[in-house]
Amino acid sequence: MAETPQNSQKSRSLEEVHRSVRIPTVWWRRMFAFAGPAYLVSVGYMDPGNWATDIEGGATFGYRLIWVLLMSNLMAVLLQTLSARLGLVTGRDLAQACHDDYPRPINYVLFVLCEIAIAACDLAEVLGSAIGLKLLSHAVFAAFGLQGEIPLLWGVLITGFDVLLLLLIQKAGIRKLEAFILMLVATIGACFLVEIFLCKPDIGQIAAGFVPRPFMPGELYVAIGILGATVMPHNLYLHSALVQSRDVTRSREAVAQACRFNLIDSAVAMNAAFFVNAAILIVAAATFWTRNLPVTEIEEAHSLLELTLGSSLAPIAFALALLCSGQSSTITGTLAGQITMEGFLQFRIKPWVRRLITRLLAIVPAVCVIFWMGEKGVYKLLILSQVVLSLQLSFAIVPLVRFTGSKQKMGPFVNRLWVQLLAWIATAIIVSLNVKLVFEEIMGWIDTAGDWRWLVIVVVAPLSLGLLGLLAWMTFRREKPMAKTPEISAGQVVAKAAELQRHFKRIGVALEATTADSTMLAEALALARQHRAELVLMHVVDGVGGTWYGDQTGDRESRDDEAYLRALTERLRAEFPTSEIPAIDSVLGYGNASAELVGIARREKLDLVVMGGHGHRGISDLLFGQTISGVRHGLKIPIIAVRGTKDK
């Protein structure tokens, strides 16, 4: 296997769900166990950013650009399959692989580019969800003979509250999250089946649209937009992490089988995304192109559906599909943000904080544009978000193709010659078209900047040349040799362990003021007696009073906890003489459990901490985080997590 011992000891991708899905032995159940990651990824290929290009392509050029969608889909299948193979074979997601291979400054640049791209993607999803809410509320009100709708600005603000919903779904497990996404994708597909049935497209012209042909004037620009909006950079990072949620045995046969099943998963999911994108283009062609109605915006298409098709069901289905598209895509952006931060920087924060930062980076520009430019500025902002995504795309594809084509990293699973050739052709097409799109947008900014043209040139030109140079370096750099694994014997390990045998002088135990304390206390007492160490009983008052007022609070919870800790200390002092445990003390903390326990451990100069959970469940876990995880990252001393308690 290509995974080295060093890799196996490094941080795991999406650690909370890593290898959490068991693989059955029956072949058909095994195939379904591998299904899921590609569906989470596929929603990025049908997000609201794709809708604008598909609608414009169908309304302006009819069915002629279906072959462009097909070509884009084939490229997506290839690249997502390579992403899945990288994660399965090396045990590292794409961000972690970049961290392992590139110098630290390069990783910082790639991380910043990823963050900008994820914020741009989230911006498109915020706007798509807000537009979907507005259109759906309008259609529902109209169905009951009422007038009104949810304003776009309010829709943008409402989308900020999906943070808790997303995190609650994630806490249910990766399979529940995949099922939820699959439900949204199925809803989108069903809505467009209704649309196609209502618009009655020409089957012959649809079939002719699959045949490649020279571009007519204006088609190339739309084709670039379709291709650029199809392959999303964050999906390449995401897929390489999601496949590691399956508990695949680290053997050549098991990994090869996992790669085959993930190829099937990717092909099915990407074809579902292709159906949605093709359906959008076909509905636009059958509804608007055949009637010579120029449509370039999502809201414009929605307003004309009922007038042209004569059915009130069409705009409702359209709006519902758009809302589901925005909500499903936002989940992938959140997970991708977590993966890139942990992968590039080896830095972790609580998921709700990560989600809030990403969502605020999208909501703030959306609110500003709507406030100053009105709802007409939304479409321009949507296009800008796609340009930003295009700019970052090359920096995800190039390392992916390089890594999966490396014998050193992939071992026997390295890309075959024909696969590597196809991958570089797809990369060249996508990179060149996206560079062209970005160049044209920059030239447009210069032309419309007026007196500020010099500022655009001074800022954008050097930045663009620098990024182009970085891309060339990533493409043509020589692969650094893999560090040789140092040889080590069992005798060396035992001898070193004997040297490092530790004697603990002060042991702390984190108590919950529940019946679960007996298990943790028993472990701590046994260790204290064995090492003749001093024992420190710790408890944190983390209620409202303790959080806001600290040791000045006088609420019943803090009084009860203080009395409990004092009584426990006195009882233990009476039962255990100083010859067994030299000293038994207690410390009461207030506020955030993890931060307080870390602070107490440092102030008391503890050598070891024994703990279980700290009583959080459900919503509280979202607010306060996981106690053990926070303490583990905050201290460098050993921590013993006692089984049988409310582990967090």
21 Å Cα-Cα threshold exceeded, pairs from Lys496/Lys605; Lys505/Lys605; Lys407/Lys480; Lys134/Lys176; Lys409/Lys436 = Lys496/Lys605; Lys134/Lys176; Lys409/Lys436
Distance in nm between Thr290 and Val353 label points, each 7 Å along Cα→Cβ, equals 5.6
Protein-only accessible surface order, largest first, of Lys436, Lys636 at 1.4 Å = Lys636, Lys436
Ranking Ala139, Leu417, Trp28 by how far each Cα lies towards the positive end of the charge dipole of the chain (+1 on Lys and Arg Cβ, -1 on Asp and Glu Cβ), the top one is Leu417
Farthest toward positive dipole pole in the chain [+1 Lys/Arg, -1 Asp/Glu at C-beta], among Thr287, Ala528, Trp454 = Ala528
Hey, can you rank 246-255, 328-337 by average C-beta count inside 10 Å, highest first?
-> 328-337, 246-255
Ser394 accessible area, assembled protein chains, probe 1.4 Å, Å² | 10
Rounded if a/c is under 1.5, else prolate if a/b beats b/c, else oblate: with a ≥ b ≥ c from the C-alpha gyration tensor eigenvalues square-rooted, which is the chain?
-> prolate
Normalised by the number of residues in the chain, what is the relative contact order in percent for Cα pairs under 8 Å and 6+ residues apart?
-> 20
Rank Tyr237, Tyr108, Tyr590 by accessible area, highest first, at a 1.4 Å probe radius?
-> Tyr108, Tyr590, Tyr237
Linear extension gain, Ala495 paired with Gln408, 0.36 nm per residue minus alpha-carbon span | 28.0 nm
Just subtract the alpha-carbon distance of Thr569 and Val26 from 0.36 nm times their residue separation and send over the number in nm, one decimal.
-> 189.9 nm
At 18 Å minimum axial length over the Cα atoms and a Kyte-Doolittle cut of 0.5, report the qualifying DSSP H helices in the chain, or say none.
-> 66-90, 104-143, 174-199, 252-287, 313-345, 351-373, 377-404, 417-448, 453-476
Between Ser629 and Ile429, the two model label points (7 Å from Cα along the beta-carbon direction) sit apart by a distance in nm of 4.0
Trp418, Trp424, Trp372, Trp51, ranked by accessible area, largest first (probe 1.4 Å) | Trp372, Trp418, Trp424, Trp51
Unit charges on C-beta of K, R, D, E only; dipole of region 206-300, Debye | 400
Accessible area expressed per residue, the chain, with surrounding protein chains retained (probe 1.4 Å, Å²) = 46
Subtract the Cα-Cα distance of Val140 and Ala461 from 0.36 nm times their separation in residues, and report this length gain in nm to one decimal.
-> 110.7 nm
Taking the Cα centre of the chain as origin and charging only Cβ (+1 Lys, Arg; -1 Asp, Glu), how large is the dipole, in debye to the nearest 20?
-> 2180
Could you tell me the accessible area of Ile169 in Å² (1.4 Å probe, neighbours in place), rounded to the nearest ten?
-> 30
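The values are calculated or read from the model by the stated rules, or taken from the named source; none is laboratory data. This one's a predicted model, so the numbers in the text were calculated from it and none came from an experiment. As a convention, Cβ positions derive from the backbone with ideal geometry for all residues, glycine included, and neighbour counts pool all protein chains shown. When the accessible area is computed, the model is the full protein with side chains, heavy atoms only, and any ligands, DNA or RNA have been set aside. Shrake-Rupley method; radii C 1.70, N 1.55, O 1.52, S 1.80 Å.
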